[in-house]
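Asks: Would you mind keeping the following structure in view while I ask a few things?
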Amino acid sequence: MYTYQKQNLYYAQVLPGIEEELTRELSWLGAEVIKTEFGILTFTTDKAGLYRINLRSRLATRILAPLISFRCPDADKLYRATRTMEWRDFLRPTGSFAIVANVSETEAFNNSHFAALKLKDAICDYFRARTGVRPDVDKKAPDVIFHLHIRKGRASISVDTSGGSLHRRGYRTQGVEAPMQETLAAAILSMTEWDLETPLVDPMCGSGTILSEAHMFACGIPAGYLRKHFGLSRLPNFNKKLWEAERQKATRRIQPPEEGLIMGSDICKNTVASAWENMSNLPGGDQVPIIAKDFRKLEIQEESLIVCNPPYGIRLGREEDMKQFYKEFGDFLKNECKGSTAFIYFGNRELIGSLGLKAEWKRPLMNGGLDGRLCKYNLY
Ligand SMILES: C[S@@+](CC[C@H](N)C(=O)[O-])C[C@H]1O[C@@H](n2cnc3c(N)ncnc32)[C@H](O)[C@@H]1O
């Protein structure tokens, strides 16, 4: 029996800064979080809980199921300990796999790539000895993803029950420059404590990530609704009936969108077309109005919830005077959005001051490697 089977134990990976929100979400989905460390939440749940979390968590990046852990002073031990594992429990000899390795504070391994190669050799040699064929390594769309973690001379191996990052919801078929990560947009929405009655507006919606996440949340569309593949289907004792039951329970809650609840706009016509296409991949998403307009010309309904991430120069790389842009956006919020609340995500925190508004709070949040800040403004 593997560790996750013996102890009903799993690891949830999460973006730094949203551990608290994920703890709440996991409890709500029926799990018990027992430890939070280095962006990993260790939790327990039963099989139905594992399926539910993979289908419905909006905040987790991936859910790992631990298989074994052992003392691993060097590469030879890593090979010997893993060569004898029952890899057929997860993989067909003609299937494909990928390894994500992470090594720290272990002298014998000076890089993660070397550790990953050793594990790959062990897996391939295991299959070759038993079947004469070996599975392929496929980094793009493998059947199974194994995680190898070596720290202070101790190795642990897990299998990715999500089958790749859960931020890939499947609705973003049209990309634009500098999109926000889906799990980050979901986390920001959870920080807004949206009551699902106040109209939500994203006046610089880009590819529509915030709008899509808001729409999924408001209509009860599970985060994994469009995902085709989940790694958990490769686990030994995968229960198809239970999986289908959890899927049905999750989709039974879907409701049509409420008119006027969510609105989006962007200055760029092509971007608006992409946002609309992305939204249209979701049930009822084509009913959310998205228009091409400069924010300076928008009329915002009183007492709205404004959520957006304006351009921040680093990625968009335009010659525009960002400080002036932010000043004008601040003036717009102050003068045209009275009575509303705004949550603005700054990819470049040096621009916060240019908005000219006093934030009620600021929270550090990473987006694709950028050390950004989410600021809350009450617009009296
Ligand atoms: C960082 S991107 C937003 C990304 C978006 N959250 C997503 O996930 O795709 C900023 C957006 O602001 C838009 N924008 C720039 N100037 C604008 C203006 N004056 N009025 C409205 N939108 C503007 C850009 O076209 C761009 O799509």
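The values are calculated or read from the model by the stated rules, or taken from the named source; none is laboratory data. Treat the numbers as computed from the prediction; the structure is a model and nothing was measured. Every residue, glycine among them, receives a Cβ derived from its backbone with ideal geometry; neighbour counts consider all protein chains shown. Keep in mind that these areas ignore ligands, DNA and RNA; they rest on the heavy atoms of the full protein, side chains included. Shrake-Rupley method; radii C 1.70, N 1.55, O 1.52, S 1.80 Å.
Asks: In the stretch 1-99, which helices (runs of 4 or more DSSP H) lie fully inside it and hold 1 or more residues that are under 19 Å from Ser233 (Cβ atoms), more than 14 Å from the chain's Cα centre (by Cα) and of a type outside the set (Lys, Arg)?
Replies: It comes to 3-7, 47-56.
Asks: Right, something else. As an exercise: evaluate Leu200 against (1) within 11 Å of the ligand (Cβ to nearest atom); (2) more than 19 Å from the chain's Cα centre (by Cα) and give the number of the one condition it does not meet.
Replies: (1)
Asks: Regarding the stretch 303-319, can at least one residue be identified that is open to solvent by 90 Å² or more (accessible area, probe 1.4 Å) and farther than 21 Å from Gly347 by Cα?
Replies: Yes, the stretch 303-319 has at least one match.
Asks: Check every one of the helices (runs of 4 or more DSSP H) wholly within the stretch 175-279 and list those with 2 or more residues that are open to solvent by 40 Å² or more (accessible area, probe 1.4 Å).
Replies: Here the list reads 240-252.
Asks: Does the stretch 43-65 contain any residue that is among the small types (Gly, Ala, Ser) and under 25 Å from Asp136 (Cβ atoms)?
Replies: For the stretch 43-65, residues among the small types (Gly, Ala, Ser) and under 25 Å from Asp136 (Cβ atoms): present.
Asks: Kindly indicate whether any position in the stretch 18-28 is within 25 Å of Ala186 (Cα to Cα), open to solvent by 40 Å² or more (accessible area, probe 1.4 Å) and basic (Lys, Arg).
Replies: Checked the stretch 18-28: at least one residue is within 25 Å of Ala186 (Cα to Cα), open to solvent by 40 Å² or more (accessible area, probe 1.4 Å) and basic (Lys, Arg).
Asks: Further question on the same structure: Pairs under 7 Å by beta carbon, first residue open to solvent by 20 Å² or more (accessible area, probe 1.4 Å) in the stretch 90-104, partner in a strand (DSSP E or B), six or more apart or different chains?
Replies: Ile99/Phe146; Ile99/Leu148; Val100/Ile145; Val100/His147; Ala101/Leu148; Asn102/His149; Val103/Ile150; Ser104/Arg151
Asks: Tell me which strands (runs of 3 or more DSSP E) are completely within the stretch 283-366 and hold 2 or more residues being touching a residue at least 60 places away in the same chain (Cβ under 8 Å) and of a type outside the set (S, T, N, Q), or say none if there are none.
Replies: Where strands (runs of 3 or more DSSP E) fall fully within the stretch 283-366 and carry at least 2 residues being touching a residue at least 60 places away in the same chain (Cβ under 8 Å) and of a type outside the set (S, T, N, Q), they are 305-308, 341-346.
Each row is one residue, and each column tells you yes or no for (1) in the same structural domain as Tyr11 (by TED's automatic domain parsing); (2) part of a loop (DSSP other than H, G, I, E, B); (3) not aromatic (Phe, Trp, Tyr).
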{"position": "Phe127", "(1), (2), (3)": "yes, no, no"}
{"position": "Leu148", "(1), (2), (3)": "yes, no, yes"}
{"position": "Ser156", "(1), (2), (3)": "yes, no, yes"}
{"position": "His167", "(1), (2), (3)": "no, yes, yes"}
{"position": "Tyr171", "(1), (2), (3)": "no, yes, no"}
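Asks: Moving on to the next point. Between residues in the stretch 57-73 that are over 21 Å from Ala31 (Cα atoms) and residues that are small (Gly, Ala, Ser) and assigned to a strand (DSSP E or B), which pairs lie under 7 Å by C-beta distance while being six or more apart or on different chains?
Replies: Taking only residues 6 or more apart or on different chains, the pairs are Ser69/Ala155; Ser69/Ser156; Phe70/Ala155; Cys72/Ala155.
Asks: Scan Ala223, Ala129, Ala122 and give me the residue that is at pLDDT 95 or above and out of contact with any Ser or Thr (no Cβ under 9 Å at 6 or more places or on another chain).
Replies: Being at pLDDT 95 or above and out of contact with any Ser or Thr (no Cβ under 9 Å at 6 or more places or on another chain) holds for just one of Ala223, Ala129, Ala122, which is Ala129.
Asks: A further question on this structure: Being over 19 Å from Asp202 (Cβ atoms) and modelled with pLDDT of 95 or more is the filter here, so list the residues in the stretch 355-380 that pass it.
Replies: Selection gives Gly356, Lys358, Glu360, Trp361, Lys362, Pro364.
Asks: Any idea which of Phe343, Phe329 is surrounded by 14 or more Cβ atoms within 10 Å (Cβ to Cβ), within 22 Å of Asn378 (Cβ to Cβ) and in contact with a strand residue (DSSP E or B) (Cβ under 6 Å, 6 or more places away or on another chain)?
Replies: Matching residue, one of Phe343, Phe329: Phe343.
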